[in-house]
């Protein structure tokens, strides 16, 4: 979800106003995903690198995320959506952690759209986390090094039960993945739109899905060989 700052700058507003405007886009993306049958939607909400932003902006973002969760959870629950954190919760403010715990518990038994909020998330950090856990398992004799494979590694990711994403949508026109789900997006289709996140609507998400449906996915193989 990129482009909040540029959107605000174009309108001579504060960066925080851009983040607030992006909340509507998140709501529309969730609604559209639910309506067209998306199984899992992950929103890159706050990266592990975002802590380097000005302290006031970080504090405001933490408050905005907490406030949005508190206001949106009832609607998400009615939609039968399951909400869960993707990332390391330890550095987050205690009030935000408590709100995340409450929302996850409330929606834990829902069977519709799985909404993953990537907060304090980084792909490299997740891979290191899994590598350390796997190394500890091997050192303790609970795994044979010669028998380790991708499935062993995947078990130690933050959300090992989540399927690999089929489609990665990047708003704001930037041509990079920004440390996002580096292990999981190995074969994801990438869709880049110049639309800044606060202007992103459900129709844009549907356009991205239609583009995805027109692609031929080969996963390294060859199709239509005669």
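The values are calculated or read from the model by the stated rules, or taken from the named source; none is laboratory data. As the structure is a prediction and not an experimental result, all values here were calculated from the model. For neighbour counting, all protein chains shown are included, and Cβ atoms are generated from backbone atoms with ideal geometry for every residue, glycine included.
When 20, 24 are checked against the criterion of being surrounded by fewer than 16 Cβ atoms within 10 Å (Cβ to Cβ) and within 19 Å of the chain's Cα centre (by Cα), a single residue qualifies: 24.
Restricting attention to region 11-34, the residues that are free of Cβ contacts under 8 Å to residues at least 40 places away in the same chain and either in a helix (DSSP H, G or I) or out of contact with any helix residue (DSSP H, G or I) (no Cβ under 7 Å at 6 or more places or on another chain) (or both) total 4. Here region 199-226 is the region considered, the condition is being in a loop (DSSP other than H, G, I, E, B) and at pLDDT 95 or above, and the residue that is surrounded by the fewest Cβ atoms within 10 Å (Cβ to Cβ) is 214.
Sort out which residues of region 36-49 are touching a residue at least 60 places away in the same chain (Cβ under 8 Å) and not in a strand (DSSP E or B), and write them in order of number. Correct list: 36, 38, 39, 48, 49. Whether any residue in region 139-159 is touching a residue at least 60 places away in the same chain (Cβ under 8 Å), in contact with a strand residue (DSSP E or B) (Cβ under 8 Å, 6 or more places away or on another chain) and either over 13 Å from residue 185 (Cα atoms) or surrounded by fewer than 18 Cβ atoms within 10 Å (Cβ to Cβ) (or both) is what I want to check. Yes, because at least one residue in region 139-159 is touching a residue at least 60 places away in the same chain (Cβ under 8 Å), in contact with a strand residue (DSSP E or B) (Cβ under 8 Å, 6 or more places away or on another chain) and either over 13 Å from residue 185 (Cα atoms) or surrounded by fewer than 18 Cβ atoms within 10 Å (Cβ to Cβ) (or both). I'd like to check something: does region 67-90 contain any residue that is closer than 22 Å to residue 188 by Cβ, touching a strand residue (DSSP E or B) at 6+ places or on another chain (Cβ under 9 Å), assigned to a helix (DSSP H, G or I) and in contact (Cβ under 8 Å) with a residue 40 or more places away in the chain? No; the residues of region 67-90 include none that is closer than 22 Å to residue 188 by Cβ, touching a strand residue (DSSP E or B) at 6+ places or on another chain (Cβ under 9 Å), assigned to a helix (DSSP H, G or I) and in contact (Cβ under 8 Å) with a residue 40 or more places away in the chain.
Okay, residues lined up against (1) surrounded by fewer than 16 Cβ atoms within 10 Å (Cβ to Cβ); (2) out of contact with any strand residue (DSSP E or B) (no Cβ under 8 Å at 6 or more places or on another chain); (3) touching a residue at least 12 places away in the same chain (Cβ under 8 Å); (4) under 14 Å from residue 45 (Cβ atoms):
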residue: 65; (1), (2), (3), (4): no, no, yes, yes
residue: 92; (1), (2), (3), (4): no, no, yes, yes
residue: 95; (1), (2), (3), (4): yes, yes, yes, no
residue: 99; (1), (2), (3), (4): no, yes, yes, yes
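What about residue 120, is it surrounded by 15 or more Cβ atoms within 10 Å (Cβ to Cβ), within 27 Å of residue 205 (Cα to Cα), in contact with a helix residue (DSSP H, G or I) (Cβ under 8 Å, 6 or more places away or on another chain) and touching a residue at least 60 places away in the same chain (Cβ under 8 Å)? Yes; evaluated as a whole, the condition is true for this residue.
If the condition is being under 14 Å from residue 123 (Cβ atoms) and exposed (fewer than 15 other Cβ atoms within 10 Å of the Cβ), then region 41-63 contributes only 49.
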